[in-house]
1. Say each of A:Leu86 and A:His64 gets a label point 7 Å from the Cα, pointing the same way as Cα to Cβ; how far apart are those two points in nm?
2. Size of the protein assembly as shown along its principal axes in angstrom, Cα-based, largest extent first?
3. Can you list the lysines whose alpha carbon is less than 16 Å from that of B:Lys179, not counting same-chain residues fewer than 8 positions off?
4. Looking at B:Leu148, B:Gly347, B:Asn122, which one has the Cα that reaches farthest to the positive end of the dipole of the protein assembly as shown (charges on Cβ: Lys, Arg +1; Asp, Glu -1)?
5. Per DSSP H run of n ≥ 4, the term is -39500 (n - 2.57); total these for chain A, divide by its residue number, and report the mean residue ellipticity at 222 nm rounded to 500 deg cm²/dmol.
6. Return the unpartnered cysteines for the protein assembly as shown, using a Cβ-Cβ cut-off of under 4.7 Å.
7. Treating cross-link reach as a plain straight distance, find the aspartates and glutamates whose alpha-carbon is under 16 Å from the alpha-carbon of B:Lys65, omitting any fewer than eight places away in the same chain.
8. Determine which lysines satisfy two conditions relative to B:Lys66: a Cα distance under 25 Å, and not lying fewer than 8 residues away in the same chain.
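Derivation of every value follows stated rules applied to the coordinates shown; laboratory data play no part. Everything quoted here is computed from the prediction, not taken from an experiment. We place every Cβ from the backbone using ideal geometry, glycine too, and count neighbours over all the protein chains shown.
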Amino acid sequence: MTRFRLPAWFALLLPAIIVLAAVVLIPLVLSLYSSFTSYRLTRPETLYNWIGTFNYEKAAKSAHFWSAFGRTVLLLTIALNLEMLLGLGLALLVNQVTYGQRALRTIMMFPMMFSPLLVGFQFKFIFNDNVGLVNNALQSIGFSNVAIPWLVDGQLAFFSILVAEMWSSTSVFAILILAGLFAVPRDPIEAAKVDGCTPWQSFRHITLPYIMPFIYIALAIRSLDVARAYDIVQIMTNGGPARRTELLWTLIGRTGYVDAKMGYANAMGYISIFLAIGFTIFFFRKLNAARAELGMGG
Amino acid sequence: MRSMKLTKLMSATALIAVGGPALAAEFDGVTLQAKLIGGQQYEALYARIGEWEAMTGAKVEIISKKNHFELDKEFKSDLAAGTLGWCVGSNHSSFAAQYPSLYTDLTPYLTEDVIAEYVPSNVAASKIGDALVMLPRAQFDVSVLYYLKSVYEDADNQTAYKAETGRDLAPPDTWEEYKAQAIFFTDAPNFYGTQYAGKDEAIVGRFYEMVVAEGGQLFNDDWTPAFNSDAGKRALSWFVDLYQAGAVPPGTTSYLWDDLGQGFASGTIALNLDWPGWAGFFNGEETSKAAGNVGVILQPQGSAGIRTGWSGHHGFSVTESCDQKEAAASLVAWLTNEDSQKLESSGGSLPTRTAVWDHVLEAAKADPFRAEAIAAFQAGSEHAFPAPQTPYWIEATNLIYPELQAAILGDKTIDDALSDASEAVDEMMQENGVY
């Protein structure tokens, strides 16, 4: 009689499979299941109350959900583009520095070291209409004699959140793009100079294609971050006033943890995940195309 | 040996005298886990836990100390995960109804005489149905009117107000007069007539008490929304009119209690409806620019002749799953007994025991400001009423407040905002099977 033995490859993979199942798969399946129930945190028995696709239908019909969805896409689009442009500029400038570049690179990373909660409190104070730095500065230099409601007016509040997001994360782009700039070979740039190319032509046709894969990696990472934006917005405006700055995760967080409607919150969460998946697929396709252009395989 | 017996006897006598039902060393070997509200102002009371431990032989292990909003999330997570091994929890009358299954009825563990020592309206607000789910502590909250005395003493103001309205300038007794004065005092952006909490449960609580003062209700008896009414519209127009007139800071829709407290203490707000905990802060030389210039009077009344009075209080509860309920009830009674309430109210908070009210009034006689404030709060407490006792109160506030904000900021008309809020609350109540 031979004893049953697990295949060696499976036995070796088993610890990883168990860990992955415990920390990723089980919570994922449980939250997916609960999105089809009327699960409320305060009533654990409701976890077994199957209500089919009711939560999904409710989210699909909710104007508040779709306006938060749209606002999140808008924030994502604007923040990513501006951060990318500023990060690129910052990286190009730092790349030109020959003395003290290491110190500059470290300083550039400071905002990334702050907890998003702290960044939220910091910018909430900066944009406070009564005692905030911005209004006081504007009034002191005579640009304004009224208290500008930065965190109340819909567009100004969106702008304030955008500024906080950009302050906190532009350096992610700058660091990754700088790494890309270090990897650009010198030969083609020098050849271009000899051929009489302008600096813009060298940048546009040689440097940029080389750093595009790095830009797309940064875009993919940050798109996931912004699509999950919660902390900064929660502190600065909590999605308000009058839902003017409501983003997906402030809405979902409030529904799940304050209203205790975890089933409905999970349903909204699963719909929102498609947003993150969509952006990730888009940026990875772009990344592969950029790599293919450089002859690095597609 | 004899001295040990004597100590035990004295401890037992002392415990019975202060109102706890426990006997000395009755709970030897018992360990109670507790989740309590945290904050420097509560530490003096928690220091008394050591005395209770010495008398009863039990041990208390505080496993969580957070503010009520964080505790609320933690309790919900505990309910969801079934991690309910702890026995004693801080509670609040505005949150209690959300956890109908979490806390046990304390009535079987207390005598009627002990319960009768608390202010009846506070006991009523500590119940869910007939179950007494918490014992109230000396942290009772009702809002009265704080004002800057200087704006009323100013001769130019008095003349101008008389000329403008035909009335003498005096702190307001109606919300209509309050609004007129707030607009009159405003000199933006340096000085505002008033301010109000602008988001979350806070603005809905203020709206709720204003609806009541206007003769309406937030909910009917069957919990259908009742605020889309004439009284509701009058109440909301009070907030809208003040905002549209620029008589409140433009950021007021993002303000919560701390912002309001700091605002009034900065001396740039004339009238401020606020809680008792701020009295000392507002009149403190080191904490407030308004120190020495603060008056406190009874909160104004609405057009129905009813005064606002949304109130709340802190309390302590015992979990249904606790296997040492008698010991836990004894601890809760100890933390809210007469000595505990005297200790807590010496810091400025309001008691919930009748005898302690008398003590607080007597103790305040030497300090005119404190005496004025306590008298106002005692008068104010007679008009107090708790938040609607439904498990869906917080969820309802989350549906109502964005609509109130939309009306205040001019995104919607008052009619549309109240209609939308009412429709959303109605749908939520139906979805939850309330009716």
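1. 3.1 nm
2. On the principal axes, the protein assembly as shown reaches 99, 96, 55 Å in Cα extent.
3. The reachable lysines, counting only those whose Cα sits under 16 Å from B:Lys179, are B:Lys162, B:Lys233.
4. B:Gly347
5. -21500 deg cm²/dmol
6. Flagged as lacking a Cys partner: A:Cys197.
7. Correct list for B:Lys65: B:Glu43, B:Glu74, B:Asp78.
8. A:Lys124, A:Lys261, B:Lys35, B:Lys76, B:Lys127, B:Lys199, B:Lys325, B:Lys342
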